[in-house]
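To start, the structure itself, in structure tokens.
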Amino acid sequence: MIPAHPSEPRSPESIAWAYLARVAEPPCAAVIALVDDIGPVEAAAAIRRRTVPGGHETVLAATAARSESDCAVDDLDAAERVGARLVTRADPEWPAWSLLALGQADTAARGGEPLALWVRGPARLDDLAAASIALIGSRAASSYGEHVTQTLASGLSAQGFAVLSGGAFGIDGAAHRAVVAAGGVTAAVMACGIDRDYPASHSSLLTAIARTGAVISEYPPGTTAAKHRFLTRNRLVAAMSGATVVVEAGRRSGAANTAAWARKLGRPLGAVPGPVTSATSVGCHRMIADELAVLVSDVASVINLVRPDGGGDIGRGRAKPTDALDAEQLRVHDAIPGRGGVGIDEIAFAAGLDIGTVRAALAHLDIKGYVQNVDGRWRLA
């Protein structure tokens with residue numbers, strides 16, 4: 001890892017990695033192959049002098065446009081100014097297992113493993129990849145979509161999962177905000193330079209994400225967002241998540257593209273049903289009808305995507321307070337949003353349980369300190 005605040009002059013390795021991270025539009029398998037063969041310092045030198053070992057000639061074409069533009073030190077300085085670091089394939093926190101699928105899948109279009117990732121925030125990439133679920137969807141989200149997203153995001157956070165998304169308007173923003181409000185860990189995977197806030201109106205949200213989670217980008221500082229970069233970015237959201245859930249999606253959308261990547265990489269895919277009259281749920285309904293995605297409607301069904309046998313724990317490797325709850329108590333607990341209070345009828349509807357069962361579960365949860373009743377409305381304690 002190349003630290004955000006170096007205490008000594010930067011090493012030749014760190015400068016080489018930063019040069020390589022910019023010299024070709026990512027992802028670039030040819031650059032990765034060269035680095036794996038001769039190391040980052042020699043790879044950077046070979047690209048600069050335009051002479052590479054036999055078998056690596058394709059890297060010359062991939063780097064022709066940028067080989068003479070050496071912004072490595074400037075990029076590292078720019079990252080340092082925003083508190084970001086460059087995490088490379090040689091670093092302990094590199095999520096190699098999660099990203100390996102990108103090199104194995106059919107990656108004819110915008111695929112392949114990343115060479116390095118710029119990261120702003122304290123969350124380690126390997127921790128995120130080991131215990132995360134992606135919540136994605138339409139930028140033009142409905143109030144229904146935002147409500148469902150907030151409920152799922154806060155509930156997953158309470159269960160020890162990090163929530164990944166793309167930092168955009170709509171479903172992405174709702175997911176990030178819910179986790180930040182719940183005090184959990186969320187990560188935004190961006191399609192622009194790590195020093196750019198996109199969209200600009202999400203600047204404060206991205207700053208909040210970076211306090212406890214991570215803002216992640218494959219692109220060096222100063223890189224502007226572009227349509228092809230969003231499509232390229234989507235593969236990382238799918239690859240770094242244990243499962244992907246589409247909350248809302250139109251017939252053609254970036255969310256559908258991320259969902260396609262999840263399927264291609266062999267990751268579980270869920271979709272939330274919506275009103276049949278809603279254009280923003282057409283894509284979800286199609287995925288469910290075509291059996292491309294599993295219908296999910298609550299936190300328990302989302303977690304079931306990554307724990308289908310109901311056992312094990314892909315969470316953060318620590319016991320969670322809710323581990324002691326039985327299935328019905330957990331469903332009632334998960335039906336209560338992370339913020340605000342709800343009535344018992346709303347809880348029963350969200351949990352899919354009868355009133356009597358909900359009352360009994362709430363009594364247990366209240367005694368154990370999981371929930372509290374404030375003016376007739378239940379909220380998490």
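The values are calculated or read from the model by the stated rules, or taken from the named source; none is laboratory data. Not measured: the values here are computed from a predicted model. Positions of Cβ are backbone-derived with ideal geometry, glycine not excepted, and every protein chain shown enters the neighbour counts.
Going by the conditions given, is GLY356 at pLDDT 85 or above, among the small types (Gly, Ala, Ser), outside the structural domain of ALA141 (by TED's automatic domain parsing) and surrounded by fewer than 16 Cβ atoms within 10 Å (Cβ to Cβ)?
Taking the combined requirement at face value, the residue satisfies it.
Which pairs do you get when a residue that is on the phi < 0 side of the Ramachandran plot, found in segment 149-172, comes within reach of a residue that is acidic (Asp, Glu) and buried (at least 24 other Cβ atoms within 10 Å of the Cβ), reach meaning Cβ atoms under 7 angstrom, with the pair 6+ apart or on two chains?
Every condition considered, the pairs that remain are GLY155/ASP334; SER165/ASP172; GLY166/ASP172; ILE171/GLU248.
Can you name every residue in segment 366-381 that is more than 34 Å from the chain's Cα centre (by Cα) and under 18 Å from SER154 (Cβ atoms)?
Selection gives VAL374 alone.
Suppose we filter segment 323-345 for residues that are acidic (Asp, Glu) and in contact (Cβ under 8 Å) with a residue 60 or more places away in the chain; how many remain?
So the answer is 1.
Would you check which residues across segment 346-365 are within 33 Å of the chain's Cα centre (by Cα) and without any contact (Cβ under 8 Å) to a residue 24 or more places away in the chain and list them?
Residues satisfying the conditions are GLU346, ALA348, PHE349.
ASP70 versus (1) surrounded by fewer than 18 Cβ atoms within 10 Å (Cβ to Cβ); (2) at pLDDT 95 or above; (3) of a type outside the set (Lys, Arg): which is the lone unmet condition?
Going through the list (1) surrounded by fewer than 18 Cβ atoms within 10 Å (Cβ to Cβ); (2) at pLDDT 95 or above; (3) of a type outside the set (Lys, Arg), ASP70 breaks only (2).
Please go through segment 283-305 and give me each residue that is surrounded by fewer than 17 Cβ atoms within 10 Å (Cβ to Cβ) and either part of a helix (DSSP H, G or I) or without any contact (Cβ under 8 Å) to a residue 24 or more places away in the chain (or both), ordered by number.
ARG286, ALA289, ASP290, GLU291
Name every residue in segment 223-255 that is polar (S, T, N, Q) and closer than 23 Å to GLY145 by Cβ, in order of residue number.
Once the filter is applied, which keeps residues that are polar (S, T, N, Q) and closer than 23 Å to GLY145 by Cβ, segment 223-255 yields ASN234, SER241, THR244, SER253.
Might you let me know whether segment 199-217 holds any residue that is part of a loop (DSSP other than H, G, I, E, B) and within 22 Å of GLU80 (Cβ to Cβ)?
yes
Can ARG233 be described as surrounded by 20 or more Cβ atoms within 10 Å (Cβ to Cβ) and of a type in the set (Lys, Arg)? If you could, list the steps in order and put the result at the bottom.
Numbers: surrounded by 20 or more Cβ atoms within 10 Å (Cβ to Cβ): yes; of a type in the set (Lys, Arg): yes.
Yes; evaluated as a whole, the condition is true for this residue.
Given SER157, SER138, which one is assigned by TED's automatic domain parsing to the domain that holds ILE209, surrounded by 15 or more Cβ atoms within 10 Å (Cβ to Cβ) and at pLDDT 95 or above?
SER157
Just for segment 264-282: of the residues that are over 14 Å from ILE136 (Cα atoms) and of a type in the set (Val, Ile, Thr), which one is surrounded by the most Cβ atoms within 10 Å (Cβ to Cβ)?
The selected residue is VAL282.
Listed here are the residues, each with its yes/no results for (1) β-branched (Val, Ile, Thr); (2) closer than 30 Å to TRP17 by Cα.
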position	(1), (2)
ALA168	no, yes
GLY173	no, no
ALA178	no, no
VAL185	yes, yes
THR224	yes, yes
MET240	no, yes
VAL246	yes, no
ALA249	no, no
THR258	yes, yes
